[in-house]
Protein chains: 2
Amino acid sequence: MRKTVFFVSDGTAITAETFGHSLLTQFSAVDFREIRLPFVDTHSKARDAVSLIDRAAEADGTRPLVFSTIVDTGIGGELTAANAHVFDMFATFMEPLEEILGVERSPRVGQAHGMGNSHAYEDRMEATNYALTHDDGISKKLDQADVILVGVSRSGKTPTCLYMALHYGIKAANYPLTEEDLEQPRLPAFLRQHQRKLFGLTIDPERLAQIREVRRPGSRYASIKQCRYEVDAAEAMFRSEKLPVLSTTDSSVEELASRILLEQGLQRDQV
Amino acid sequence: MRKTVFFVSDGTAITAETFGHSLLTQFSAVDFREIRLPFVDTHSKARDAVSLIDRAAEADGTRPLVFSTIVDTGIGGELTAANAHVFDMFATFMEPLEEILGVERSPRVGQAHGMGNSHAYEDRMEATNYALTHDDGISKKLDQADVILVGVSRSGKTPTCLYMALHYGIKAANYPLTEEDLEQPRLPAFLRQHQRKLFGLTIDPERLAQIREVRRPGSRYASIKQCRYEVDAAEAMFRSEKLPVLSTTDSSVEELASRILLEQGLQRDQV
């Protein structure tokens, strides 16, 4: 069974898509074709969206699903003209909320979080610059760090740091454990003095070998033997230093970032 | 009026929070205290959440709002015991979806998108590495780029590139226009040969001066005169080269990334 799905929003449509997609994953028997329609913020654009949806209905021979988060009820209302099952995600919750809160809504389309007007934005940019200049042990100035990720090369430290910076304004540094480090019984002293900020990342050695193979094919660095040695030694180090540890093998960057913040008790910016 | 709001999920709770927060921004008269409770994936954790919610109800003297995206109906159902207004965002849409699709759901909690099992993940990591090594004109190997952002120093190129890479697996390079470039009538030839991939970023000169001032206080680089000159020259260049242009002054990184993808006709990974 095949079904076209539209995520329609007056903004990026990221929320509609993320939420709608998580609903659809519960129906593995259906082959969904997912289309995002962002920035539908005028009546005319909403009518264009209706045309697109109607064409998909005709081509598929079945009514598409539409998930909408358009804030303006007038513009969002245009979608009900489409030959589709329309879920107005905004309106669904807005009415009961108005009733519970006992106040009427004061419509605001999205919120500006540009470089012009947001402290949170500046924090995120500063944190991103910090992550870029404190990546892979280039700098050892770690006093400013909110968190320091430690792990072997290619274990997922850099993307996790960048994600925490871009989304939460968290200053995340990272340090790659070298072979020399791993031969020692303890972490380097300049890291140990920041013990409370340290977080270990580990990864399945087979997976690590695959990732390294792409980078340096046929190298000792990418060999399964070397990867096993490094991961075992790093995990032993984490245990003896009593670091919290996460595996990046089966977690997305989003999950890793969220878990690290939770476990480290870090506050996130309101984005 | 003050109200505590909980975003509860078996995953990161990012979706519940993003969506719930966008609903709440419509009620500017209410002072919301927002609390995220991620990874509530067992009955015992759900009951802990209920205790937390009940304590907030007592402290506030008013029932909190709860937005839940817990997939497991048994675990999510525990929340109804709380002294709160509970919005089960998942269940609200799941029932009508089952009816429309004519199939029952096959529950799956989240989806693993770790380093272990996702092509999309690899694309995102490769794209992130690409963005890091093609940042601020360090490399001029632009053949592989999906998109190349052009703009003056500190106009927001780097975070936008990183966001597109981390979220969409888009290979985004960027090139900072130097004073020397801006004195020329045309863009450098090595950029012009990639004309279809180019995207101009601009920014309000006053805002640019503020940002640069943080970086190099009192410098010519940060002076309003210099910022005005550079932004004017860059915008003239964009016009004569017929580049699509976005201003970063009032747009978030999320919005910029989404608009660039839309205008460039780039497909995003399904994340």
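Taking the range A:176-199 only, how many residues are open to solvent by 30 Å² or more (accessible area, probe 1.4 Å) and of a type in the set (A, V, I, L, M, F, W, C)?
Within the range A:176-199, the first condition is being open to solvent by 30 Å² or more (accessible area, probe 1.4 Å), and the residues that meet it are A:178-180, A:183-186, A:189-190, A:192-193, A:195-197.
This time we only want the ones that are of a type in the set (A, V, I, L, M, F, W, C), so: A:189-190.
Number satisfying all stated conditions: 2.
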Checklist entry - Is the range A:79-97 home to any residue that is surrounded by fewer than 22 Cβ atoms within 10 Å (Cβ to Cβ), more than 7 Å from chain B (Cβ to nearest Cβ) and in contact (Cβ under 8 Å) with a residue 40 or more places away in the chain? => result yes
Checklist entry - Which of (1) crowded, with 20+ Cβ neighbours inside 10 Å; (2) within 19 Å of the chain's Cα centre (by Cα) does residue A:18 not meet, given it meets every other one? => result (1)
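Is it true that some residue in the range B:159-168 is of a type in the set (A, V, I, L, M, F, W, C), more than 14 Å from every other protein chain (Cβ to nearest Cβ), closer than 26 Å to residue A:14 by Cα and under 25 Å from the mean Cα position of the chain (by Cα)? Even if it seems obvious, please write down each step before you answer.
If we filter the range B:159-168 for residues that are of a type in the set (A, V, I, L, M, F, W, C), which is where we start, we get B:161-162, B:164-166.
So of that shortlist, the ones also more than 14 Å from every other protein chain (Cβ to nearest Cβ) come out as none.
No: zero hits.
Which of the following residues is among the charged types (D, E, K, R) and at pLDDT 95 or above: A:228, A:192? Talk me through it step by step, then tell me what you get.
On the way: A:192 fails: at pLDDT 95 or above.
The conditions single out A:228.
Per-residue answers, yes or no, for (1) of a type outside the set (A, V, I, L, M); (2) in a helix (DSSP H, G or I); (3) open to solvent by less than 60 Å² (accessible area, probe 1.4 Å); (4) outside the structural domain of residue A:250 (by TED's automatic domain parsing):
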site: A:130; (1), (2), (3), (4): yes, yes, yes, no
site: A:174; (1), (2), (3), (4): yes, no, yes, no
site: A:201; (1), (2), (3), (4): no, no, yes, no
site: A:213; (1), (2), (3), (4): yes, yes, no, no
site: A:228; (1), (2), (3), (4): yes, yes, no, no
site: A:238; (1), (2), (3), (4): yes, yes, yes, no
Checklist entry - In the range A:183-222, what residues are among the hydroxyl-bearing types (Ser, Thr, Tyr) and touching a helix residue (DSSP H, G or I) at 6+ places or on another chain (Cβ under 7 Å)? => result A:202, A:221
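Inspect the range A:29-37 for any residue being part of a loop (DSSP other than H, G, I, E, B), open to solvent by less than 50 Å² (accessible area, probe 1.4 Å), facing chain B (nearest Cβ under 10 Å) and touching a Ser or Thr at 6+ places or on another chain (Cβ under 9 Å) and give the result as yes or no. Working first, answer last.
Taking the range A:29-37 as the starting set, the residues that turn out to be part of a loop (DSSP other than H, G, I, E, B) are A:29-30.
Cutting the leftovers down to open to solvent by less than 50 Å² (accessible area, probe 1.4 Å) gives us A:30.
Going one step further and asking which of them are facing chain B (nearest Cβ under 10 Å), we end up with A:30.
Of the ones still in play, those that are also touching a Ser or Thr at 6+ places or on another chain (Cβ under 9 Å) are none.
Within the range A:29-37 (the criterion being part of a loop (DSSP other than H, G, I, E, B), open to solvent by less than 50 Å² (accessible area, probe 1.4 Å), facing chain B (nearest Cβ under 10 Å) and touching a Ser or Thr at 6+ places or on another chain (Cβ under 9 Å)), the answer is no, since none of the residues qualifies.
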Next on the checklist: I'm told residue B:44 meets every condition in (1) polar (S, T, N, Q); (2) open to solvent by less than 60 Å² (accessible area, probe 1.4 Å); (3) farther than 21 Å from residue A:20 by Cα; (4) in a helix (DSSP H, G or I) except one. Can you identify the failing condition by its number?
Outcome noted: (2)
Checklist entry - Just wondering, is there one or more residues in the range A:1-16 that are hydroxyl-bearing (Ser, Thr, Tyr) and in contact with an Asp or Glu (Cβ under 7 Å, 6 or more places away or on another chain)? => result yes
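If a residue has to be over 28 Å from the mean Cα position of the chain (by Cα) and either within 14 Å of chain A (Cβ to nearest Cβ) or surrounded by fewer than 16 Cβ atoms within 10 Å (Cβ to Cβ) (or both) to count, how many in the range B:215-226 make the cut?
Let us first name the residues in the range B:215-226 that are over 28 Å from the mean Cα position of the chain (by Cα), namely B:217-221, B:223-226.
With either within 14 Å of chain A (Cβ to nearest Cβ) or surrounded by fewer than 16 Cβ atoms within 10 Å (Cβ to Cβ) (or both) added as a condition, the list becomes B:217-220, B:223-225.
Residues that pass the stated criteria total 7.
Being over 19 Å from residue A:18 (Cβ atoms) and out of contact with any Pro (no Cβ under 9 Å at 6 or more places or on another chain) is the filter; apply it to the range A:249-264 and report the residue that is surrounded by the most Cβ atoms within 10 Å (Cβ to Cβ).
The first filter runs over the range A:249-264 and keeps only residues over 19 Å from residue A:18 (Cβ atoms), leaving A:249-250, A:260, A:262-264.
Imposing the further condition that a residue be out of contact with any Pro (no Cβ under 9 Å at 6 or more places or on another chain) reduces the set to A:249-250.
Numbers: A:249: 19, A:250: 16.
So, considering only residues that are over 19 Å from residue A:18 (Cβ atoms) and out of contact with any Pro (no Cβ under 9 Å at 6 or more places or on another chain), the one surrounded by the most Cβ atoms within 10 Å (Cβ to Cβ) is A:249.
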Checklist entry - Applying the selection to the range A:68-87, what residues are over 15 Å from residue A:10 (Cα atoms), more than 29 Å from the chain's Cα centre (by Cα) and among the aliphatic types (A, V, I, L, M)? => result A:81, A:82, A:84
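The values are calculated or read from the model by the stated rules, or taken from the named source; none is laboratory data. These figures come from a predicted structure and were not determined experimentally. Ideal geometry is used to build each Cβ from the backbone, glycine not excepted, and the neighbour counts take in all protein chains shown. Please note that ligands, DNA and RNA were not included when accessible areas were found on the heavy atoms of the full protein model with its side chains. Shrake-Rupley method; radii C 1.70, N 1.55, O 1.52, S 1.80 Å.
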